[in-house]
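Have a look at the structure below before the remarks.
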Amino acid sequence: MAASTVTLAPGRWALAVHGGAGTIARSTPEAEAPYHAGLRAALAAGQAVLEQGGTALDAVVAAVVALEDCPLFNAGHGAVFTADETHELDAGVMDGSNRAAGALAGVTTLRNPVLGALEVLRDGRCVLMGGALADAWCAARGVAAVAPGYFSTAHRRAQLHAVRARDREATVLDHTGAASQRGTGGETRMGTVGAVALDRHGHLAAATSTGGMTNKRPGRIGDTPIVGAGVFADDATCAVSTTGTGEHFIRGCVAHDVHARIAYGGLALPQAAERAIAGSLAPLGGSGGLVAVDRQGRIAMPFNSAGMYRAWAREGEAAASAVFEPPGRG
């Protein structure tokens with residue numbers, strides 16, 4: 001795709017977002033329109049930061065906040081349920097200019113977990129915090145808190161019950177299992193969200209946020225808050241945000257693998273991203289994809305699942321989004 005091959009002139013920004021990977025049913029243009037709108041709203045939020053000369057870090061956080069606030073996506077409001085019919089949210093951010101990172105795991109009351117992860121990064125005394133103490137620490141620093149019921153939607157509860165009716169032990173990606181993915185209006189719902197950006201100053205950043213997998217074991221933590229698995233950024237190479245079966249992304253260190261194939265193998269971003277999915281994720285049995293941007297503004301979005309939701313924009317180009325495309329079209 002063109003998004004993977006264009007090199008930007010110095011001083012121009014680039015931005016890409018994703019809304020999750022899995023078995024994505026084809027639908028009508030009318031049914032897909034809200035999802036395009038959600039992706040484009042996230043792009044607009046990040047683009048507004050970049051157009052004003054803001055940092056890549058602030059841009060990816062702004063984009064992910066927009067996705068967390070949209071109930072169509074499995075992050076923030078509209079997150080999936082655990083097996084205990086609760087919500088446990090994860091988020092991670094990384095600044096490519098200095099490799100600073102912040103992440104949260106298993107939080108339950110932060111309206112926008114990505115803002116909490118940003119506070120962890122800014123504080124700098126640790127990288128990863130989790131659970132109730134992380135909720136309280138972030139709230140004390142001014143991150144908005146909500147009652148846990150804020151994250152619930154009727155669709156997500158029905159989705160959990162449908163999965164458990166088939167297999168009480170099963171955990172599924174938000175897009176996998178068509179029968180359990182249908183809302184009352186026949187719509188499908190989206191999953192883990194993330195964003196990557198290059199700003200006008202040449203800096204890179206990445207952010208990822210998720211409610212996890214439907215019917216997941218309480219206490220389970222996926223790849224989203226793990227540096228090198230669900231999120232990674234280094235100005236020397238690229239920024240990466242992943243989505244899919246988290247345990248496999250952790251075992252394959254997939255986000256870092258893209259960086260390593262560029263830094264040590266000399267590959268260009270499109271090839272590095274594709275080989276990370278094919279060579280590090282797929283052999284482990286993992287399913288999913290990633291979005292990535294390099295310091296030249298090239299964007300890559302490979303996946304090995306049946307589809308992946310993503311959108312991208314670059315300075316001087318019209319924004320674009322894809323709700324469904326067959327494998328290999330990333």
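For the stretch 100-119, which residues satisfy the criterion of being farther than 14 Å from residue 211 by Cβ and small (Gly, Ala, Ser)? It would help to see each step written out before you state the result.
Going through the stretch 100-119, the residues farther than 14 Å from residue 211 by Cβ turn out to be 100-103, 115-119.
100, 101, 102, 103, 116, 117, listed by residue number.
For the stretch 76-110, name all the residues that are farther than 21 Å from residue 240 by Cα and surrounded by fewer than 18 Cβ atoms within 10 Å (Cβ to Cβ).
Here is the first cut: in the stretch 76-110, the residues farther than 21 Å from residue 240 by Cα are 77-88, 106-110.
Of everything in the stretch 76-110, those that are farther than 21 Å from residue 240 by Cα and surrounded by fewer than 18 Cβ atoms within 10 Å (Cβ to Cβ) turn out to be 84, 85, 86.
Does residue 37 meet the test of being farther than 26 Å from residue 204 by Cβ, without any contact (Cβ under 8 Å) to a residue 24 or more places away in the chain and among the aliphatic types (A, V, I, L, M)?
Answer is yes for this residue.
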key: Meets criteria (within 17 Å of residue 128 (Cα to Cα) and at pLDDT below 95) for residue 246   = yes
task = Just name the residue that is nearest to residue 242 (Cα to Cα) out of those in the stretch 284-298 that are among the small types (Gly, Ala, Ser) and either open to solvent by less than 40 Å² (accessible area, probe 1.4 Å) or in contact with a Phe, Trp or Tyr (Cβ under 6 Å, 6 or more places away or on another chain) (or both).
result = 289
task = Would you mind stating whether residue 273 is touching a residue at least 24 places away in the same chain (Cβ under 8 Å) and surrounded by fewer than 24 Cβ atoms within 10 Å (Cβ to Cβ)?
result = no
request  = Tell me which residues, restricted to the stretch 2-37, are open to solvent by less than 10 Å² (accessible area, probe 1.4 Å), at pLDDT 85 or above and within 19 Å of residue 193 (Cβ to Cβ).
outcome  = 14, 15, 16, 17, 18, 19, 20
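Listed here are the residues, each with its yes/no results for (1) within 28 Å of residue 200 (Cα to Cα); (2) at pLDDT 95 or above; (3) crowded, with 22+ Cβ neighbours inside 10 Å.
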{"site": "259", "(1), (2), (3)": "yes, yes, yes"}
{"site": "264", "(1), (2), (3)": "yes, yes, no"}
{"site": "278", "(1), (2), (3)": "no, yes, no"}
{"site": "282", "(1), (2), (3)": "no, yes, no"}
{"site": "300", "(1), (2), (3)": "yes, yes, yes"}
{"site": "317", "(1), (2), (3)": "yes, no, no"}
ask   = Among the residues of the stretch 124-156 satisfying the criterion of being among the small types (Gly, Ala, Ser) and without any contact (Cβ under 8 Å) to a residue 24 or more places away in the chain, which is surrounded by the most Cβ atoms within 10 Å (Cβ to Cβ)?
value = 136
remark   = residue 114: passes all of (1) part of a helix (DSSP H, G or I); (2) out of contact with any Lys or Arg (no Cβ under 7 Å at 6 or more places or on another chain); (3) open to solvent by 10 Å² or more (accessible area, probe 1.4 Å); (4) touching a residue at least 12 places away in the same chain (Cβ under 8 Å) but (3)
message = Let me confirm something: among 98, 74, which residue is out of contact with any helix residue (DSSP H, G or I) (no Cβ under 7 Å at 6 or more places or on another chain) and either without any contact (Cβ under 8 Å) to a residue 60 or more places away in the chain or more than 24 Å from residue 307 (Cβ to Cβ) (or both)?
response = 98
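Would you mind stating whether residue 55 is at pLDDT below 95 and surrounded by fewer than 24 Cβ atoms within 10 Å (Cβ to Cβ)?
On the way: at pLDDT below 95: no; surrounded by fewer than 24 Cβ atoms within 10 Å (Cβ to Cβ): yes.
So residue 55 fails the test.
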ask   = If you scan the stretch 206-250, which residues turn out to be open to solvent by 10 Å² or more (accessible area, probe 1.4 Å), among the charged types (D, E, K, R) and over 23 Å from residue 293 (Cβ atoms)?
value = 217, 220, 247
message = Condition first: of a type in the set (Gly, Ala, Ser), closer than 19 Å to residue 226 by Cβ and open to solvent by 30 Å² or more (accessible area, probe 1.4 Å). Can you find one or more residues in the stretch 64-75 that meet it?
response = no
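The values are calculated or read from the model by the stated rules, or taken from the named source; none is laboratory data. Please read these numbers as outputs of a predicted model, since none were measured by experiment. Because the Cβ atoms are built from the backbone with ideal geometry, glycine has one as well, and the counts that use them run over all protein chains shown. Keep in mind that these areas ignore ligands, DNA and RNA; they rest on the heavy atoms of the full protein, side chains included. Shrake-Rupley method; radii C 1.70, N 1.55, O 1.52, S 1.80 Å.
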